[in-house]
Amino acid sequence: MADRLDEGLLLELETIAVELARLGGHEIRAALGKMQEVHYKGVEADASRFTDPVSDVDARVEQMIRERLAQSFPDHDIIGEEMDHRPGRGHDFVWAVDPIDGTANFINGFPLFASSVGLLYRGSPVVGALWCSTSHALDAGIYHAVVGRDLRFNGVPYVPSRSPLVRRRLGGEPHSARQRLSWDGRKTGSAAIECAFVAAGLLDMAWFERPNIWDVAGGLALVKASGGQVIERRDDAWRGFSGFTQGGQDPADWTMPIALGDAQALDEFSVS
């Protein structure tokens with residue numbers, strides 16, 4: 001999709017996405033070690049299940065991101081995890097924002113979380129920017145890309161390097177104890193982190209059982225930019241990912257099993 005858009009516009013969109021991810025990262029770092037206000041979604045219905053936490057930082061970051069987008073692209077649609085406000089419903093451009101992906105990690109001080117910004121054009125990811133609390137360089141930073149161009153880390157082109165001496169790699173798949181899979185499983189508690197790590201070559205693949213669009217939109221753009229593939233499970237079979245608006249559905253309603261990564265790893269996963 002990206003090659004149908006003006007190159008100057010794409011550069012502007014990527015620049016804004018990086019700015020928004022950096023904003024999220026700045027707020028997250030500033031809040032680390034401080035007492036956070038935390039509540040749990042759905043507790044009114046079932047007080048025994050404290051499984052979906054939200055901190056005051058989540059809401060504050062999303063509000064800041066929305067205000068910044070309103071300055072540059074007031075007509076664009078926005079789908080965020082914390083606020084049900086759609087300023088441009090039906091627009092070709094849709095921003096999918098997760099202010100803190102891995103909130104449970106964040107509020108517990110477990111240092112794996114991200115601030116994820118993705119941009120869709122007519123239902124397909126075209127731009128992604130993910131501030132990650134750690135990276136291939138052991139530093140926090142932003143992975144970002146436009147689909148059809150190169151993956152970048154903090155503005156510098158990044159090409160994953162893999163040692164041929166490593167015979168068994170890692171996959172974001174919790175059932176890899178099955179010997180027929182050729183990787184060891186790792187799950188981080190953050191879908192965005194795992195998407196970024198696939199794009200960066202730290203994971204061969206990752207899969208998510210029922211993510212929401214804000215969990216993966218930015219990450220899918222990174223994976224596609226780095227040469228990876230994306231598949232989703234429809235009608236009891238794994239198929240090529242066809243975008244978030246298949247059949248005319250609202251992208252906010254999308255939630256499907258999805259896997260992403262190296263083509264060989266996905267072939268192995270899809271038949272396991």
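Bear in mind these aren't lab numbers, they're just calculated from the coordinates by the rules spelled out. Being a predicted model, the structure only gives us computed values, none of them experimental. Quick reminder, even Gly has a Cβ in these numbers, built from the backbone with ideal geometry, and neighbours come from all protein chains shown.
Structure values in brief
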quantity: Inter-centroid distance (Cα atoms) of region 88-152 relative to region 66-87, Å; calculated: 16
quantity: Karplus 3J(HN,Hα) series, Hz, for region 126-136 with 6.51 cos²θ - 1.76 cosθ + 1.60 (x for Gly, Pro); calculated: 10, 9, x, 9, 10, 6, 10, 5, 8, 7, 4
quantity: Taking N as its residue count, the alpha carbon Rg of region 95-163 over 2.2 N^0.38 Å; calculated: 1.21
quantity: Cα-based equivalent ellipsoid, region 229-269: semi-axes from gyration tensor eigenvalues, Å; calculated: 21, 10, 8
quantity: Net charge dipole size for region 151-272 [Lys, Arg +1 and Asp, Glu -1 on Cβ; Debye, nearest 20]; calculated: 500
quantity: Long-range amide H partners of residue 250 with built H, under 5 Å; calculated: none
quantity: Extension gain (nm, one decimal) between residue 84 and residue 150, 0.36 nm per residue minus Cα-Cα; calculated: 20.5 nm
quantity: Sum of -39500 (n - 2.57) over DSSP H runs of 4+, divided by residues of the chain (222 nm, nearest 500); calculated: -9000 deg cm²/dmol
quantity: Given charges at beta-carbon only (K, R positive; D, E negative), |dipole| of region 178-227 in Debye; calculated: 140
quantity: From the C-alpha gyration tensor of the chain, square roots of 5λ in Å; calculated: 26, 23, 20
quantity: Residues residue 32 and residue 239, FRET efficiency given R0 of 45 Å [Cβ-Cβ distance, rounded to 0.05]; calculated: 0.65
quantity: Top positive-direction residue, dipole computed over the chain with Cβ charges, set 143, 200, 117; calculated: 200
quantity: Karplus-derived HN-Hα couplings along region 212-219 (A = 6.51, B = -1.76, C = 1.60, θ = phi - 60°), whole Hz, x at Gly and Pro; calculated: 9, 4, 5, 5, 10, 4, x, x
quantity: In sequence order, calculated HN-Hα J values of region 5-12 (Karplus, 6.51, -1.76, 1.60; Hz; x Gly/Pro); calculated: 9, 4, 4, x, 5, 4, 4, 5
quantity: Qualifying GluC sites (Glu not before Pro) in region 186-262, DSSP loop, other Cβ atoms within 10 Å at most 13; calculated: 209
quantity: C-alpha center-to-center spacing [region 7-32, region 217-261] in angstrom; calculated: 23
